[in-house]
Each structure stands twice: as structure tokens, then as C-alpha cells.
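J.: One structure coming up, written as C-alpha cells, with questions to follow.
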Amino acid sequence: TKVTFKVTDGELKINPIDELVITITGNKAEYTYDGTEKTVEGYTAASDNTLFDESKIVFTGTAKVTETEADTYPMGLAEDQFSYSDTTNFTKVTFKVTDGELKINPIDVTVTITGHFNTTTYDGNEHKVTGYDVQISNALYTEKDFTFSGKAEAARTEEGTTEMGLSEEQFENKNTNFKTVTFNVTDGYQTITPIDEVVVT
């Protein structure tokens with residue numbers, strides 16, 4: 001006459017994974033300075049958990065660095081820039097971040113300094129020579145990239161030779177894009193030669 005059903009429902013419970021560890025590795029690039037802009041960008045994401053889905057990573061930073069001068073530039077990646085959109089299946093998501101970087105290596109250059117010189121026959125007057133010529137092995141390096149602390153001048157009246165006194169120590173590189181700047185210096189001079197002959201009557 002009467003049938004009563006007392007039902008206790010069944011259930012399927014899927015527990016979230018305690019922790020998902022994601023490793024972020026910023027890309028790196030190394031160049032030799034050539035005066036042009038260099039860029040490195042992007043990162044790779046990996047996890048030991050096969051359920052990891054890279055498309056669910058949310059990134060709020062800028063994974064790119066562009067520079068021209070010689071130096072090492074970090075990309076600026078940080079853990080707080082990353083999050084994971086799947087907050088249901090994982091109790092905790094941890095990001096381990098290795099920053100990316102751009103490295104531009106300085107280059108070497110040779111600067112050849114040749115002091116001006118002059119030879120004059122003795123005439124009782126002072127004669128003077130000034131300045132020097134510059135030759136540089138790389139067109140990226142200019143005379144504006146080094147300083148000179150000496151005095152490129154030689155003056156003489158009597159027979160003999162006066163040197164300018166130019167030396168490598170007087171020249172100093174101030175451009176950090178060049179690792180080693182070698183100054184090859186040839187001194188300048190003023191020479192007075194004697195008169196070949198004078199006749200006194």
C-alpha cells in the first residue's frame with residue numbers, strides 16, 4: 001500500500017592538490033657592443049606537475065629589456081608579478097623566478113697618438129710646434145671618448161731638439177663601452193739644426 005524510500009545521496013569529492021610549483025626562467029642574451037640597441041625578452045615556465053597549464057599563468061610585468069651601452073641589465077622579473085588563474089584545483093601555487101638579463105660586453109680599441117714635429121734651421125728666433133694626430137682602430141671610438149692631461153707643445157730657439165713629453169699616462173679613456181683602450185704614443189718635437197756655414201770676413 002505504501003513504499004517509502006529513504007535516500008542518502010552519494011558524492012564524488014576531488015580534493016585540490018596541496019601545492020603547484022611553477023618555475024619561471026627569464027631569457028638571457030649576450031652581445032658585443034656595436035653602438036646599436038640590443039633586446040632580450042620573454043621567459044619559460046615549467047612544472048614537475050603534469051596538470052600544470054601555462055595558459056593559466058597571469059603575468060603583470062614586462063619581460064623585456066632594451067639597451068645600447070655595455071653593461072649587464074636585469075629584466076626585472078619578480079614573483080609578485082605572477083599568479084595562476086586556477087585557484088580551485090590547487091590549494092597553493094608557488095612561483096620560483098629566475099630573472100632574465102641582457103649583457104652587452106665592452107670591446108677593445110687601440111688609439112695611436114703621433115705628436116707633431118718640425119725641423120728648422122737656426123735663425124735666432126724661437127720656433128714652436130703644437131698638437132698631435134690621432135688614429136683609432138674602431139670607428140665607434142672618437143676623440144671625445146678620452147681625455148688628455150698634458151701639453152702638446154715644444155718650443156726651441158738654439159740648436160738641438162725639444163720634445164713635447166707626450167706619454168701614455170696623459171691619455172685616459174672615459175667610455176665604458178670599451179674594456180681596454182691602448183694608447184700608443186709617439187712624442188712630438190721641435191728641432192733646430194745648425195747653419196751649415198757662415199763666412200766671417
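J.: Counting alpha carbon pairs within less than 8 Å and at least 6 residues apart, what relative contact order, in whole percent, applies to the chain?
T.: Dividing the mean separation by the residue count of the chain yields 21 percent.
J.: Right, another one. Over the chain, average the accessible area per residue using a 1.4 Å probe and give it in Å², no decimals.
T.: 67 Å²
J.: Take the alpha carbon atoms of the range 27-94, find their center, do the same for the range 170-201, and report the distance between the two centers in whole angstrom.
T.: Taking the Cα centre of the range 170-201 as reference, the centre of the range 27-94 is 55 Å away.
J.: So which residue, out of Gly26, Gly76, Gly124, gets the largest mean-square fluctuation from a GNM of the chain using Cα contacts under 10 Å as springs?
T.: Gly124
J.: Provide the three semi-axes, in whole Å and in decreasing order, of the ellipsoid equivalent to the chain as defined by the square roots of 5 times the Cα gyration tensor eigenvalues.
T.: 81, 10, 10
J.: Shifting gears a bit: Dividing the alpha-carbon radius of gyration of the range 69-123 by 2.2 N^0.38 Å (N being the number of residues), what value is obtained?
T.: 2.93
J.: On to the next question. As a quick test, which of the pairs Lys151/Lys179; Lys38/Lys151; Lys38/Lys144; Lys28/Lys179 have an alpha carbon distance above 31 angstrom in this structure?
T.: Lys38/Lys151
J.: Based on DSSP, what percent of beta bridges with both residues in the range 1-111 are antiparallel, to the nearest 5?
T.: Restricted to the range 1-111, the bridges split so that about 55 percent are antiparallel.
J.: Per the 1.4 Å probe, what fraction of the accessible area of the range 49-201, in percent, lies on carbon and sulfur atoms?
T.: The C+S portion of the solvent-accessible surface of the range 49-201 is 45 percent.
J.: What share of the DSSP beta bridges in the chain is antiparallel, in percent to the nearest 5?
T.: 55 percent
J.: I would also like to ask the following. Over the alpha-carbon set of the range 124-200, work out the extent along each principal axis and list the three values in angstrom, largest first.
T.: Largest first, the range 124-200 extends 65, 20, 15 Å along its Cα principal axes.
J.: For the range 159-201, what is the relative contact order in percent, using Cα pairs closer than 8 Å and at least 6 residues apart in sequence?
T.: With pairs under 8 Å counted, the relative contact order is 57 percent.
J.: Within the range 94-201, which GluC sites (Glu not before Pro) sit in a loop by DSSP and count at most 12 neighbouring Cβ atoms inside 10 Å?
T.: Within the range 94-201, the qualifying GluC sites (Glu not before Pro) (loop, at most 12 other Cβ atoms within 10 Å) are Glu126, Glu158, Glu159, Glu197.
The values are calculated or read from the model by the stated rules, or taken from the named source; none is laboratory data. These numbers come from a predicted model, not from an experiment. Virtual Cβ from ideal backbone geometry, glycine too; neighbours counted across all protein chains shown. Only protein heavy atoms, including side chains, enter the accessible area calculation; ligands, DNA and RNA are left aside. Shrake-Rupley method; radii C 1.70, N 1.55, O 1.52, S 1.80 Å.
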